[in-house]
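Reviewing the structure listed below.
The values are calculated or read from the model by the stated rules, or taken from the named source; none is laboratory data. Since the model is a prediction, treat every value here as computed from it, not as a measurement. When we count neighbours, we look across all protein chains shown, and the Cβ atoms used for this are built from the backbone with ideal geometry, even at glycine. Surface areas here come from the heavy atoms of the whole protein model, side chains and all, with no ligands, DNA or RNA. Shrake-Rupley method; radii C 1.70, N 1.55, O 1.52, S 1.80 Å.
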Amino acid sequence: MSPSAEAQPQPVAPATTTAPILRVEHVTHAFGGVNAINDCSFEVQTGSITALIGPNGAGKSTMVNVISGFYPLQQGQILFDGQSVRGLAAHSIAQRGLIRTFQISRDYGAMTVLENLMVPPKHQVGENLFNVFFRPWLVAREEKELVRKALDMLNTFGLYEKREDYARSLSGGQKRLLEMARALMADPKMLLLDEPMAGVNPALADRLAQHIMDLRGKGLTVLMIEHNLGIVDQIAQDVVVMANGTTLARGTMVEIRSHPEVISAYLGGA
Amino acid sequence: MDATIAYLLTLAVYYFIFNIQTWGLNLQFGVAGILNFAYIIFFAVGAYITGTFALPHADPFSGQTYFFGFALPFPIPLIAGGLVAAALGLLVGVIALKRLRSDYMAIVTVSVGAIVYDIIGNYFPLFNGQDGISGVPFPLQTRLGLDYNTYQWFFMGLAGVIMLILFLIIQRITHSPFGRTLRSIREDQDVSEAFGKDTFRYRMIAMAIGCFYAGVAGGLLIEYISAFNPSGWTAGETFVLFAALIIGGRGNNWGAALGALLVPVIFQEATRYLPQFPNSDTLVPALRNVVVGVLLIVTLWFRPQGLLPERKAKFPKVQLDAPENKQEEADVALG
C-alpha cells in the first residue's frame, strides 16, 4: 500500500498515518442464496482517499451498505476506528463518525437548502425536548452557531445563493454539491461516498474532486466508489478493485492499470 | 339561553377539541410522516380513561359496567386519558414503527384500530361495550356551583385555555431542532439514519405526543357531553381528520386549525340540522361525506400542499466568516 506519488499526474502526499481507520476482513454477504460479497477484505488508511472500483454487479454498493450498517454484517468482520460494527444500527455507526452518502442524491426535498444542512450535526441540544422547553437559550445559541457553520459550508460549495430554495428545486449537479456539503455538517471522521460524481458534467466532477482533496487536507478519510478512472487516478492514493463480490486487486492506480485480472474484469472477461 | 347561542357554544367547544386532534395528527402525519390510520382509537381511549377515572365506582344497579371508577377530581382524569393514550401509542409504535415502511405500517394501524374497536365494543366489563359509558361528571361544576347555562360558558373557556396551551407546546415542538429532525425523517428516513439519527426513537416520541393530544381531545369531549360509546369513534372519523389536515395544510399547525374548522366543524357538525329530505333521513349525512371527499380530491388536484402549506424554516441571521467568493466558481462549474 505504498503510494508511488511521483508516478501520478498530480503529486499526492502519502497517507499521513499508517494505521487503517477501516478494516474489512473476510466479509461475505448473501441475498437469499446469492453471494453479493464473497470473502472480501481490504483496508482504508487513516487520512487517505481510497477508491473502490469494479464493474457493475461487483458488490461495491452492497459493501457500502454493509459497512454503514444498512445491511447487517452476516459473516466476517468490519472494524471502524478499532471497533467492530457488528450488531450496530446504521445510526450508531454514523454517530461514531462514519458518514455515508447515497448513489442517487437524496435531498430532503421539501426542506430548504439551509435546513438540509441543519439536520446532520450530531447530538444537537435542541433535539432533546427537555432542552427545547426548559433550556431554550442553549438551543438558540447552538442554532446560531450551526447556521453560521452551514452558511460557511454553503459558501464553500457555491450554494449560498440557493440557501432559501427548496432542495428539490436544485439541479442534479447542485444536488451533488448539497449532498457533500450536508455530509460534512455531520463532522465525519470518514466519508463513504457512493458514486459522488454520477451523472455530473466534467467541470463539476473536477470541482467535486477538488472538494474531496480539500477534505483530505483537513484530515478526513474518504472511501469512494467511482467509475471515472481519470478522477480516481487524480485523487486516490489507494485503489481497491472488486469483482464478483471479492477483492481482485489493491494498490495504486498505476499498479492497478497493469493488473491483468483487472483488465479482463473490466473488459467483461473473467 | 338562546338556542342559537347554545348551539354556537357547542360548536366552539367541538372546534377546540378538533383542533387538538388535528395538531396531534399533524405532528404524526404532517411533520413526522407517520401514517396512523388508527388515530381515532387513541381519541377513544383518552375519552374512556378520562370518563372512568372521573366516574365513581360502577354501581351494579345502574346497568353500567366499567373498569376503574376512581372518582378523581379534574384535571387528573383528563391527564390520565392523555397519558394512557400515549402509552398505547408507544405500544402500537413498537409493532408498527420498528421495522415497517410507511405503507405496511398503515396496514398495521388499520388492524390495530379494528382490534381495539371490537374489544371495547364487545367486552362489556371494560367500558360497557356498545352501550358506552354515561353520567360522567362535569369538571368543577359542583365545586363552582354554576348553573347549566353559565357552566357552558365556563367549559368553553376551560377548553379554550387547554387548547391554547397545547397549541403553544405543539408549535414549539414543530419548529424546534427536534421537529426539524422529524421532518428530515419524513423526507428520507434512510438519510437521517445515515446522519446518526435514531429514527425509530424520534418516530416513537412523535407517536406518543400525537396520541397524547388525541387522548386529551377525547377526554375533553367526554367531560363536555358526559357520555361516550363506540358509535362516536368509527374508523371513518380518522379519515375526516386526515381530510381536515390535508385540506388545511399538513405540516402547518395553523393549516391544521383551518382544516379542523372547514371539515369537521362546518361540513360535519354545522350541517347536522339542515332540513332532511323527505323519507330519506340518511341522505344528508351521506352527502356530507361525499362533499368532504370531493373537497379532498379538489385540494389534492389543485393545491396538494393544502390551503396553508408548511412554511420554510426560519433561522437566525448571522454574518458570514468568509466573503461570498465561491459563487462564480460554482456557476462556471454548473454551466
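Details
- Residues in segment B:69-78 include none that are under 14 Å from the mean Cα position of the chain (by Cα) and either hydroxyl-bearing (Ser, Thr, Tyr) or closer than 26 Å to B:Leu258 by Cβ (or both).
- Selection within segment B:235-288 - under 15 Å from the mean Cα position of the chain (by Cα) and open to solvent by 50 Å² or more (accessible area, probe 1.4 Å): B:Ala235, B:Glu237, B:Phe239, B:Arg250, B:Trp254, B:Leu258, B:Leu261
- On the stretch given as segment B:147-185, residues that are at pLDDT below 95 and at the interface with another protein chain (Cβ under 9 Å from one of its Cβ atoms) total 0.
- Test result for B:Gly218, more than 30 Å from A:Ala181 (Cα to Cα), open to solvent by 10 Å² or more (accessible area, probe 1.4 Å), in a helix (DSSP H, G or I) and not polar (S, T, N, Q): no
- Helices (runs of 4 or more DSSP H) fully within segment A:90-153 counting 2 or more residues that are crowded, with 20+ Cβ neighbours inside 10 Å, touching a residue at least 24 places away in the same chain (Cβ under 8 Å) and at the interface with another protein chain (Cβ under 7 Å from one of its Cβ atoms): A:113-118
- The number of residues in segment A:154-164 that are over 27 Å from A:Leu129 (Cα atoms), more than 7 Å from chain B (Cβ to nearest Cβ) and open to solvent by 50 Å² or more (accessible area, probe 1.4 Å) comes to 1.
- If the condition is being in contact with a Phe, Trp or Tyr (Cβ under 6 Å, 6 or more places away or on another chain) and either in contact (Cβ under 8 Å) with a residue 12 or more places away in the chain or buried (at least 19 other Cβ atoms within 10 Å of the Cβ) (or both), then segment B:52-67 contributes B:Thr52, B:Phe53, B:Thr65, B:Tyr66.
- Residue within segment B:283-305 that is in contact with a Leu (Cβ under 9 Å, 6 or more places away or on another chain), within 30 Å of A:Leu146 (Cβ to Cβ), within 14 Å of chain A (Cβ to nearest Cβ) and modelled with pLDDT of 70 or more present: no
- Annotation note: of B:Phe154, B:Phe212, B:Phe178, B:Phe138, the sole residue that is closer than 20 Å to B:Ala54 by Cβ and in contact with an Asp or Glu (Cβ under 8 Å, 6 or more places away or on another chain) is B:Phe138.
- Segment B:241-272, residues that are free of Cβ contacts under 8 Å to residues at least 60 places away in the same chain and assigned to a loop (DSSP other than H, G, I, E, B): B:Thr271, B:Arg272
- Matching residues in segment B:274-310 - criterion: being outside any helix (DSSP H, G or I) and without any contact (Cβ under 8 Å) to a residue 60 or more places away in the chain: B:Leu274, B:Pro275, B:Gln276, B:Phe277, B:Pro278, B:Asn279, B:Ser280, B:Asp281, B:Thr282, B:Arg303, B:Pro304, B:Gln305
- Residues that are in contact (Cβ under 8 Å) with a residue 40 or more places away in the chain and over 26 Å from B:Ala313 (Cβ atoms), drawn from segment A:166-206: A:Lys189, A:Met190, A:Leu192, A:Leu193, A:Asp194, A:Glu195, A:Pro196, A:Ala198
- Of all the criteria given as (1) away from every other protein chain (no Cβ under 14 Å); (2) modelled with pLDDT of 80 or more, the one not satisfied by B:Lys314 is (1).
- Annotation: of all residues in segment A:77-89 being open to solvent by 30 Å² or more (accessible area, probe 1.4 Å) and in contact (Cβ under 8 Å) with a residue 24 or more places away in the chain, the one that is nearest to the other protein chains (Cβ to nearest Cβ) is A:Asp81.
- Residue check, B:Gly24 open to solvent by less than 10 Å² (accessible area, probe 1.4 Å), in contact with an Asp or Glu (Cβ under 8 Å, 6 or more places away or on another chain) and within 30 Å of A:Tyr108 (Cα to Cα): no
- A:Ala203 surrounded by fewer than 23 Cβ atoms within 10 Å (Cβ to Cβ), more than 9 Å from every other protein chain (Cβ to nearest Cβ) and of a type outside the set (Lys, Arg): no
- Qualifying position, being open to solvent by 20 Å² or more (accessible area, probe 1.4 Å), of a type in the set (Lys, Arg) and in a helix (DSSP H, G or I), among A:Arg168, A:Arg182, A:Arg250: A:Arg168
- In segment A:230-245, the residues that are closer than 23 Å to A:Ile37 by Cα and surrounded by fewer than 20 Cβ atoms within 10 Å (Cβ to Cβ): A:Asn244
- Segment B:106-142: number of residues that are surrounded by 17 or more Cβ atoms within 10 Å (Cβ to Cβ), part of a loop (DSSP other than H, G, I, E, B) and not hydrophobic (A, V, I, L, M, F, W, C): 5
- Residues in segment B:170-194 that are not acidic (Asp, Glu) and not in a helix (DSSP H, G or I) were compared, and the one that is surrounded by the fewest Cβ atoms within 10 Å (Cβ to Cβ) is B:His175.
- Residues of segment B:70-87 that turn out to be open to solvent by 10 Å² or more (accessible area, probe 1.4 Å) and within 20 Å of B:Gly121 (Cα to Cα), as a count: 1
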